[in-house]
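A short reminder: the numbers here are calculations on the coordinates, not readings from a lab. The structure displayed is predicted, hence computed values, not measured ones. Reconstructed Cβ throughout: ideal geometry from the backbone, glycine too, with neighbour counts over all protein chains shown.
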């Protein structure tokens with residue numbers, strides 16, 4: 001007999017309404033796609049579901065990633081990309097790179113966003129990924145192959161590398177990737 005486990009995920013309170021969606025549509029879409037019922041506590045930001053309802057063991061991780069992605073600032077449409085086996089989610093905590101001082105966090109957030117969103121846009125376009133900067137985190141959704149390039153590029157930016165150096169790195173890696181496909 002397989003023992004069921006209640007899964008718990010907590011997301012920021014200001015993202016609960018997005019997870020629920022207009023008239024419960026987003027929650028309903030997640031439930032339809034996964035064939036499980038999720039419970040959302042809108043008072044404390046806690047989401048629960050019972051993994052006994054899931055036939056596919058990977059679905060547990062997919063549901064958790066979709067909920068985490070919405071909690072990290074992604075739109076439900078972008079978060080739903082994580083139901084595809086080819087996509088993954090990576091979350092960077094800016095506190096791992098600088099102190100918790102708000103000005104330091106803001107400086108690194110700005111490095112990822114770039115002037116008028118240029119850096120984020122370039123990274124998204126070149127690596128075919130989606131990037132969300134929310135609070136003290138930077139999150140990326142992308143294909144398992146291309147997300148590694150985006151992940152390294154963001155790590156370089158958070159570590160202080162020059163933007164031009166990171167752009168060159170990304171272009172070079174994407175060319176290699178296309179060449180080997």
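Quick one: angle between helix 147-158 and the longest Cα principal axis of the chain, in degrees between 0 and 90, rounded to 10, please. That works out to roughly 60 degrees.
Across the chain, Cα-Cα distances exceeding 20 Å account for 57% of all pairs. With a cut-off of 15 Å on the backbone N, the residues of the range 120-164 near the modelled label site 7 Å out from residue 107 along Cα-Cβ are 157-162.
Here the range 6-83 is treated as an ellipsoid with the same Cα gyration tensor; its semi-axes, largest first and in whole Å, are 18, 14, 11.
On C-alpha positions alone, give me the angle between the axis of helix 163-179 and the longest principal axis of the chain, in degrees, nearest 10. Roughly 70 degrees, rounded to the nearest 10. The Rg/Rh ratio for the range 75-181, using Cα coordinates for both the radius of gyration and the Kirkwood hydrodynamic radius, is 0.97.
Helix 25-34 axis versus longest C-alpha principal axis of the chain: approximately 80°, rounded to the nearest ten. Highest GNM mean-square fluctuation among 23, 78, 136, for the chain modelled with Cα contacts below 10 Å: 23. In the chain, helical runs assigned H by DSSP with n ≥ 4 each contribute -39500 (n - 2.57); averaged across all residues and rounded to the nearest 500, the mean residue ellipticity at 222 nm is -14000 deg cm²/dmol.
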